[in-house]
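Input: a single structure, listed below in structure tokens.
The values are calculated or read from the model by the stated rules, or taken from the named source; none is laboratory data. Since this is a predicted model, take the numbers as computed values, not measurements. Note: ideal-geometry Cβ built from the backbone for every residue, glycine included; neighbour counts use all protein chains shown. These accessible areas exclude ligands, DNA and RNA; they are computed on the full protein's heavy atoms, side chains included. Shrake-Rupley method; radii C 1.70, N 1.55, O 1.52, S 1.80 Å.
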Amino acid sequence: MSKLVGTWELVTWEQWEYTAEGSSRKHPFGQDASGQMIYTPEGTVMTILQKKKRSNFEKPCLGLGSPEEKCSAIDGYVSYSGTYQTHGKIIVHKITSSLLPNWIGTDLVREISWCSDNSMVLSTRPVQTCSGKLKVELLHWKKFDPDH
């Protein structure tokens, strides 16, 4: 899937929850979340998502950050890398590195919906939460344009 290869910028990240009473939409890192995803021709993927406004550490060194500073930094940031495979409209990210150790060695399965050659939405499969809600994540990406 050659149009997938390249660098992508996050447009929006929406989290939808469905119950018998209806649905609700959230933006996990806010409506102004930012991120990049890179797909290489060799089959590797790297993804970074973050809150737009993140607090600086008092001392600009990760190792000298307080537990509260580190917790706050992690709470507003997601990153992973690995390989990817496409199967029609399905893309599977096989995770080899991640901020969340639990993801390492797992597959993140997404469905691709193309809006255009330069715009796509990746959606997760519905997952049932502990409270019985169905949750779906929608991430809208646009192809990176260095001139804009």
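Quick check on my filter: what residues within the stretch 51-75 are outside any helix (DSSP H, G or I), in contact with a Leu (Cβ under 9 Å, 6 or more places away or on another chain) and not acidic (Asp, Glu)?
Selection gives Phe57 alone.
Report whether or not Thr40 is surrounded by fewer than 16 Cβ atoms within 10 Å (Cβ to Cβ) and under 15 Å from Val121 (Cα atoms).
For Thr40, the condition - surrounded by fewer than 16 Cβ atoms within 10 Å (Cβ to Cβ) and under 15 Å from Val121 (Cα atoms) - is not met.
Right, Gly65: surrounded by 15 or more Cβ atoms within 10 Å (Cβ to Cβ) and out of contact with any strand residue (DSSP E or B) (no Cβ under 9 Å at 6 or more places or on another chain) or not?
yes
Can you give me the number of residues within the stretch 1-31 that are part of a loop (DSSP other than H, G, I, E, B), within 22 Å of Cys115 (Cβ to Cβ) and open to solvent by 70 Å² or more (accessible area, probe 1.4 Å)?
2
Can you spot a residue in the stretch 74-90 that is over 30 Å from Pro146 (Cα atoms), open to solvent by 40 Å² or more (accessible area, probe 1.4 Å), aromatic (Phe, Trp, Tyr) and without any contact (Cβ under 8 Å) to a residue 60 or more places away in the chain?
No: zero hits.
Please state which of the following conditions Lys142 fails to meet, knowing it meets all the rest: (1) within 16 Å of Gln15 (Cα to Cα); (2) surrounded by 15 or more Cβ atoms within 10 Å (Cβ to Cβ); (3) touching a residue at least 60 places away in the same chain (Cβ under 8 Å).
Of the numbered conditions (1) within 16 Å of Gln15 (Cα to Cα); (2) surrounded by 15 or more Cβ atoms within 10 Å (Cβ to Cβ); (3) touching a residue at least 60 places away in the same chain (Cβ under 8 Å), the odd one out for Lys142 is (1).
With Leu49, Leu99 as the choices, which residue is exposed (fewer than 15 other Cβ atoms within 10 Å of the Cβ) and within 23 Å of Glu14 (Cβ to Cβ)?
Criteria check complete, one pass: Leu99.
Considering only residues that are exposed (fewer than 12 other Cβ atoms within 10 Å of the Cβ) and either among the hydroxyl-bearing types (Ser, Thr, Tyr) or closer than 17 Å to Leu4 by Cα (or both), which ones fall in the stretch 115-133?
Ser116, Asp117, Thr129, Ser131, listed by residue number.
Among (1) touching a Gly at 6+ places or on another chain (Cβ under 8 Å); (2) at pLDDT 95 or above, which single condition is Phe144 missing?
Here Phe144 clears every test but (2).
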